[in-house]
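Worksheet: one structure, shown below.
The values are calculated or read from the model by the stated rules, or taken from the named source; none is laboratory data. Predicted, not measured: the structure shown is a model, and the values here were computed from it. These accessible areas exclude ligands, DNA and RNA; they are computed on the full protein's heavy atoms, side chains included. Shrake-Rupley method; radii C 1.70, N 1.55, O 1.52, S 1.80 Å.
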Amino acid sequence: MPSHTWLGAVLILGAQLRALWPVAAIEVYTYKEVDAVNGTNVRLKCTFSSSSPISPLLSVTWNFQSEDLSSHEPVFYYLKEPYTPSAGRFKGRVTWDGNIERYDVSIVIWNLQPTDNGTFTCQVKNPRDIDGTIGEVRLRVVQKVNFSEIHFLAIAIGSACGLMIIVVTVVIICRHRRKKQQEKTIEVADTELREKEKLRNIEEKEITPLED
């Protein structure tokens, strides 16, 4: 009976110590939102940190949840080597762009389509470190900017630049004219001063003989 009591106490103590001891967990990091233009390619960045050394059995799982929650499908899988989907919307449109040694497990989605709007999840397992967070990134595919919008934007930018050039030119001309006017005023003042001095000298010469 005492042995059973001792064993029970050891088990309880072990459970308490396990609860207090920090459990190793893998951390996964992604952007919260990414915007990309329809028809282009986008890199979905995903990195991780692990308390354990990188294991040969490290695995990476990318999944996709559509925006309307109508479908949930695999996008990409990595275990010693990359595995792309053999069916589904991402068939032939996903490539591995990560580097395990740098804790980078990113992928590239090619030729984006409006149906790619949704949430992508990135999960990394690194035995023995297999529990932890799952990265989530929401992808928003926007339509291409049409020619008329580009043309309007170019005109607006060109008009603004032209207006700025005109304003700068007017300011420079005004300053130049003001400077010329100031120089002319100074020159006239100097001329008048010289004339007055000449007149004063002439008057002094005329007055001097009379005094003698």
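In order along region 179-184, phi translates into HN-Hα couplings of 5, 4, 4, 5, 5, 5 Hz, rounded to whole numbers, per the Karplus curve 6.51 cos²θ - 1.76 cosθ + 1.60 with θ = phi - 60° and x for Gly and Pro. For region 43-139, evaluate the Debye formula with one uniform point scatterer on each Cα (no solvent term) and list log10 I(q)/I(0) at q = 0.16, 0.22, 0.25 Å⁻¹, rounded to two decimals. Debye curve over Cα of region 43-139, log10 I(q)/I(0) at q = 0.16, 0.22, 0.25 Å⁻¹: -0.64, -1.14, -1.41. Probing with 1.4 Å while keeping every protein chain in the model, the per residue accessible area of region 50-143 equals 55 Å².
Maximal additional length on extending the Ile202-His72 stretch stands at 35.9 nm, based on 0.36 nm per residue less the C-alpha distance. Of the solvent-accessible surface of region 22-142, computed with a 1.4 Å probe and all protein chains present, 52% belongs to carbon and sulfur. Where the alpha-carbon atoms of region 86-202 are placed on the principal axes, they occupy 112, 42, 19 Å, in descending order.
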